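Only one structure is covered here, and it is reproduced in the block below.
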Amino acid sequence: MEDNNLFPDLLEQAVRAGGIPDDEISAVIDLLTFSLIAHL
Amino acid sequence: MLRATLVPGEIPEKVPLYLNLQGWLVYRGAGQGYMESVNDSDKLLTAYRKAIHDYPADLYYDTGGFAFMGFSRLLGSDDYYLNEEKYSLNFKDISYLSEDSDYQWLIKDPQSFLWNRFYRQKFKNLNNGRDAETIREYLELSATHFEKVAAMKRDVESETGSLFLSDVPMYQPAFDYLFQYIIGMKGISMAMRRKKDLLLDALDSFEGLFNHYMDVMTPPLGNEMPFQNQICLLGQTITNPKQFELFIWRHLGSKIRRMTENGGRFYFMVEGAGSTLLDYLSEIPDGACALHVESDPLDSLMERFGNKFAYVGGMPVALLGSSPPEVCAGYTRDILEKYGRSGNFIFSTDKGIVFEADARCDSLKAMCEEVGSFRL
């Protein structure tokens with residue numbers, strides 16, 4: 001695995017910095033993971 | 001009305017019309033170019049609003065929400081080509097999964113594989129020091145875009161009563177996810193032959209993750225809706241019967257059982273020919289499925305399965321794109337008389353209307369008028 005992993009730490013930081021409350025971060029990451037796969 | 005098509009013995013007042021409108025007809029019809037339309041939420045929705053007004057139907061696939069390419073552009077993907085002249089999109093056959101170590105990674109921790117390997121390779125803006133900024137921009141764009149899409153759907157639904165299939169939770173088996181989005185056609189063909197056990201474990205891992213997401217984020221709709229779920233399948237076109245059972249039906253069969261165990265109904269879009277899949281469809285409970293198979297004639301499906309399903313289709317795009325309105329209207333009338341009276345029929349085109357050759361505007365209007373005025 002790469003040293004500078006996006007998941008989970010950088011991703012959590014980015015989502016938090018986007019103004020998402022702490023108790024919603026995990027759900028937003030799930031939603032992002034699910035959404036990104038279908039983008040070409 | 002849509003729901004009635006699935007209830008054995010019930011006859012709706014009319015035959016419902018389903019349209020999957022995309023590409024040339026939508027954007028060109030609004031006087032817009034292709035790239036300007038798919039990269040701009042407002043232009044995209046304006047074009048779809050006009051198409052929905054011009055071609056009245058009971059059910060549409062979407063309002064263009066999923067045709068929006070702004071997300072791929074923002075994320076930095078260059079895995080696709082847009083053809084401005086033909087208003088079409090093609091994607092490159094790239095494999096992001098080939099090494100055994102990557103398979104092991106996906107099997108052990110699919111979320112980590114997706115973010116730390118696949119998304120980082122595919123989406124250049126998640127791998128150039130702008131990761132956090134890209135994710136923030138993505139969240140903002142998603143919120144803005146899908147608010148506009150939802151507002152437009154509400155307007156259309158309140159004005160016309162039409163529904164959108166894109167609001168129904170969609171299931172795709174892990175096999176389809178993997179080959180359409182991650183490993184490509186060549187990659188999956190090679191993996192089925194040379195990495196059977198790794199592929200099976202990877203599919204099981206992926207299926208578990210995405211079923212979890214579906215359960216949490218897109219629970220089935222209520223019983224008052226015509227469908228609680230939908231399935232879209234393409235994998236049967238590239239598998240032989242043994243491969244279909246091993247790599248696809250193991251997940252698809254189980255999901256269909258879960259979808260229907262409490263009386264749930266689903267719309268089943270089968271791209272291409274039904275092929276081996278057809279041998280398994282007798283397991284679906286009667287009245288649970290609206291079946292739309294692109295390439296198999298309705299007559300052969302109805303002869304084989306009788307009243308088990310509601311059948312979707314009837315109009316070949318090859319005819320709609322090449323024949324004048326009076327010919328298409330006459331053909332539509334014949335199809336309505338032939339299949340509509342039994343009550344388990346939803347009129348549609350065999351494939352989505354995507355390319356210029358798929359529909360003449362005047363012929364599509366004539367088809368819509370004919371279906372709209374036909375009463376059972």
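Bear in mind that the values in this text are calculations on the coordinates, not laboratory data. Keep in mind that what you see is a predicted model, and the values were worked out from it rather than measured. Glycine gets a Cβ as well: all are built from the backbone with ideal geometry, and neighbour counts include every protein chain shown.
Descriptive notes on the structure:
- Antiparallel content of DSSP bridges confined to chain B, in %, to 5: 15
- Each of B:PHE268, B:PHE175, A:PHE7 has some number of other Cβ atoms within 10 Å of its Cβ, and from fewest to most they run A:PHE7, B:PHE268, B:PHE175.
- Between the Cα long axis of helix B:41-54 and the first principal axis of chain B there is an angle of about 20°, rounded to the nearest 10.
- 3J(HN,Hα) couplings calculated from phi for the stretch B:261-270 with the Karplus curve 6.51 cos²θ - 1.76 cosθ + 1.60 (θ = phi - 60°) are, in sequence order, 5, 10, x, x, 10, 9, 9, 10, 8, 10 Hz; Gly and Pro show x.
- Electrostatic bookkeeping for B:SER162 treats Lys and Arg as +1 and Asp and Glu as -1; over the other residues with beta carbon under 14 Å from its beta carbon, the sum is -3.
- Nearest-ten-degree value, helix B:250-260 long axis tilted from longest Cα axis of chain B: 50
- Taking GluC sites (Glu not before Pro) across the stretch B:248-313, the ones in a DSSP loop with at most 15 further Cβ atoms lying within 10 angstrom of their Cβ are B:GLU261.
- The stretch B:249-376, dipole about Cα centre (Lys/Arg Cβ +1, Asp/Glu Cβ -1), debye to the nearest 20: 520
- Cβ-based charge dipole, the protein assembly as shown, positive-most Cα from B:ALA57, B:PRO169, B:LEU246: B:LEU246
- Annotation for the stretch B:2-16 versus the stretch B:25-77: alpha-carbon center distance of 31 Å.
- Computed from point charges on the beta carbon alone (+1 for Lys and Arg, -1 for Asp and Glu), the dipole magnitude for the stretch B:1-89 about its Cα centre is near 180 Debye.
- Look at the dipole of the protein assembly as shown built from charges on Cβ: of B:LEU301, B:ALA290, B:THR349, the Cα furthest out on the positive end belongs to B:LEU301.
- Neighbour net charge for B:LYS153 - beta-carbon separation under 13 angstrom, K R +1, D E -1: -3
- Kirkwood radius for chain B, taken over all pairs of different Cα atoms as the inverse mean of 1/r, rounds to 21.9 Å.
- Of B:THR349, B:THR160, the sequence from fewest to most neighbouring Cβ atoms within 10 angstrom is B:THR160, B:THR349.
- Cα centroid of the stretch B:314-370 to Cα centroid of chain A, whole Å: 45
- Cross-link reach is defined here as a Cα-Cα straight distance under 28 Å, omitting same-chain residues fewer than 8 places apart; for B:LYS338 the lysines meeting it are B:LYS14, B:LYS308, B:LYS351, B:LYS365.
- Considering helices alone, the calculated mean residue ellipticity of chain B at 222 nm is -13000 deg cm²/dmol, with DSSP H runs of length four and up weighted by -39500 (n - 2.57) and normalised per residue.
- Computed over chain A, the per-residue total of -39500 (n - 2.57) for DSSP H runs of n ≥ 4 gives a 222 nm mean residue ellipticity of -13500 deg cm²/dmol, rounded to 500.
- Order of B:ASP204, B:ASP350 under a 10 Å beta carbon neighbour criterion, fewest first: B:ASP204, B:ASP350
- When +1 charges are put on Lys and Arg Cβ atoms and -1 charges on Asp and Glu Cβ atoms, the dipole computed for the stretch B:139-261 relative to its Cα centre reaches about 780 debye.
- Each other residue within a Cβ distance under 15 Å of B:ILE353 adds +1 if Lys or Arg and -1 if Asp or Glu, for a net charge of -2.
- Rounded to the nearest 5, the antiparallel percentage of DSSP beta bridges internal to the protein assembly as shown is 15%.
- Under the Karplus curve 6.51 cos²θ - 1.76 cosθ + 1.60, θ = phi - 60°, whole-Hz ³J(HN,Hα) for the stretch B:179-192, x wherever Gly or Pro sits: 7, 7, 10, 10, 10, x, 5, 5, x, 6, 4, 5, 5, 5
- Under 20 Å from B:LYS196, Cα to Cα: lysines that are on another chain or at least 8 residues apart: B:LYS108, B:LYS186, B:LYS242
- Selected from B:LEU198, B:PRO219, B:PRO8, residue furthest toward positive end of dipole (the protein assembly as shown; charges at beta carbon): B:PRO8
- Amide H contacts under 5 Å for B:GLY76, placed H, 5+ residues apart: B:ASN125
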